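J.: I'd like to ask you about the structure that follows.
Derivation of every value follows stated rules applied to the coordinates shown; laboratory data play no part. Small disclaimer: the values here were computed from a predicted structure and weren't measured. All Cβ positions, even for glycine, are placed from backbone atoms using ideal geometry, and neighbour counts span all protein chains on display.
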Amino acid sequence: MPTLTLLMGKMLGDLEMIQTPAKKGYFRKRPFVVEPLPTCIAPETWLAASGSYPSGHSALGWAWGLVLAELAPDRADAILRRGLAYGESRAVCGVHYPSDVEAGRIVGATIVTRLKADPAFQADFAKAKEEFDAARAAATEATAACPASLARQPW
C-alpha cells in the first residue's frame, strides 16, 4: 500500500511542523528529568533535552488512528483504542505527563481536521482507500482458502 505509506509519512511531517515549535516554546521538562524515576526506555540524552509538552507520539498515534479508522470503519473501535494506548504508553513509561498526552491528541485531531479539508490530502486518501480495500479483499480471499489448505496438512 504505497499511497498509504506516503500519506502517513506526510502526516508525520505535518505533525512535526506543528508540535516541534510548541515543544520548544513550552519546553516542559520530562517527568524523568524532574524526578529520576524508572522509565520503560533508556532515558537518552536527546530525549531529556527535548520538551515534554505536547507529546509528539500521542499526536502521531491519534492522528494515524483517526485516518486508519476511516479506512477500516469496521475496525474503528480497535484502531482508535490502539491510537489512544500509543499515547498513553508515553505517560505510563514516564517520558510524558498525562496532560502532554492529552495535548498531543488535540494536536493530532486538529491536524487531521485540517488535512481533511485539503484537496491533495483528499486525493491521496481516496487512492489509499482503494489500495487498502483491494489489499483487504485479497487477504479475505487468501484466508478463505486456509481451511482447505490446513485439511491437507500431514500433521
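J.: For the charge dipole of segment 1-151, defined by +1 on Lys and Arg C-beta atoms and -1 on Asp and Glu C-beta atoms about the Cα centroid, which residue among 26, 117, 94 has the Cα displaced farthest towards the positive pole?
T.: Positive-end residue among those listed: 26.
J.: So for the chain, averaging the separation of alpha carbon pairs under 8 Å that are six or more residues apart and normalising by length, what relative contact order in percent results?
T.: Working: 188 pairs, mean separation 45.4, N = 155.
About 29 percent, as a whole number.
J.: Okay, moving on. Tell me what the chain gives for mean residue ellipticity at 222 nm when only DSSP H runs of n ≥ 4 count, each as -39,500 (n - 2.57), the sum divided by the residue total, rounded to 500 deg cm²/dmol.
T.: -24500 deg cm²/dmol
J.: Rounding to the nearest 20 debye, state how big the charge dipole of the chain is about its Cα centre with +1 on each Lys and Arg Cβ and -1 on each Asp and Glu Cβ. Don't jump to the answer; show the numbers that get you there.
T.: Working: 17 positive and 16 negative charges, 59 e Å.
Charge dipole, the chain, about its Cα centre: 280 debye, nearest 20.
J.: Name the residue farthest towards the positive end of the dipole of the chain from the options 38, 69, 5, assuming +1 on Cβ of Lys and Arg, -1 on Cβ of Asp and Glu, about the Cα centre.
T.: The residue sitting farthest along the positive end of the dipole is 38.
J.: Also, I was wondering about something else. Once label points are set 7 Å from the Cα along Cα→Cβ at both residue 37 and residue 10, what is their separation, rounded to one decimal in nm?
T.: For the pair residue 37/residue 10, the computed spacing is 4.1 nm.
J.: Just the Kirkwood number for segment 22-75, please: inverse of mean 1/r across all distinct Cα pairs, in Å, one decimal.
T.: Details: mean 1/r = 0.0767 Å⁻¹.
Computed over Cα pairs of segment 22-75, the Kirkwood hydrodynamic radius comes out at 13.0 Å.
J.: Only Cα pairs under 8 Å and at least 6 apart count here; give the relative contact order of segment 27-75 as a rounded whole percent.
T.: 39
J.: For the chain, evaluate the Debye formula with one uniform point scatterer on each Cα (no solvent term) and list log10 I(q)/I(0) at q = 0.11, 0.14, 0.20 Å⁻¹, rounded to two decimals.
T.: -0.54, -0.76, -1.17
J.: Next question. Which value in nm describes the separation of the simple spin-label points at residue 138 and residue 126, placed 7 Å from the Cα toward the beta carbon?
T.: With each label placed 7 Å out from Cα toward Cβ, I get 2.3 nm.
J.: Let me ask something else. Hey, if you drop one equal point scatterer on each alpha-carbon of segment 1-90 and run the Debye formula without solvent, what base-10 log of I(q)/I(0) do you get at q = 0.15, 0.16, 0.25 Å⁻¹?
T.: Taking Cα atoms of segment 1-90 as identical point scatterers yields -0.67, -0.75, -1.23.
J.: Could you work out how far apart the two model spin labels at residue 1 and residue 109 are, taking each label as a point 7 Å from the Cα in the direction of the beta carbon, and quote it in nm?
T.: My value for the distance between the label points is 2.3 nm.
J.: Over segment 49-126, what portion of Cα pair distances is larger than 17 Å, expressed as a whole percent?
T.: Counting pairs separated by more than 17 Å, the tail of P(r) holds 46 percent.
J.: Let me ask another. When only Cα pairs under 8 Å and 6 or more residues apart are kept, what is the percent relative contact order across segment 1-63?
T.: On the way: 40 pairs, mean separation 27.1, N = 63.
Taking the mean separation of contacting Cα pairs over the length of segment 1-63, I get 43 percent.
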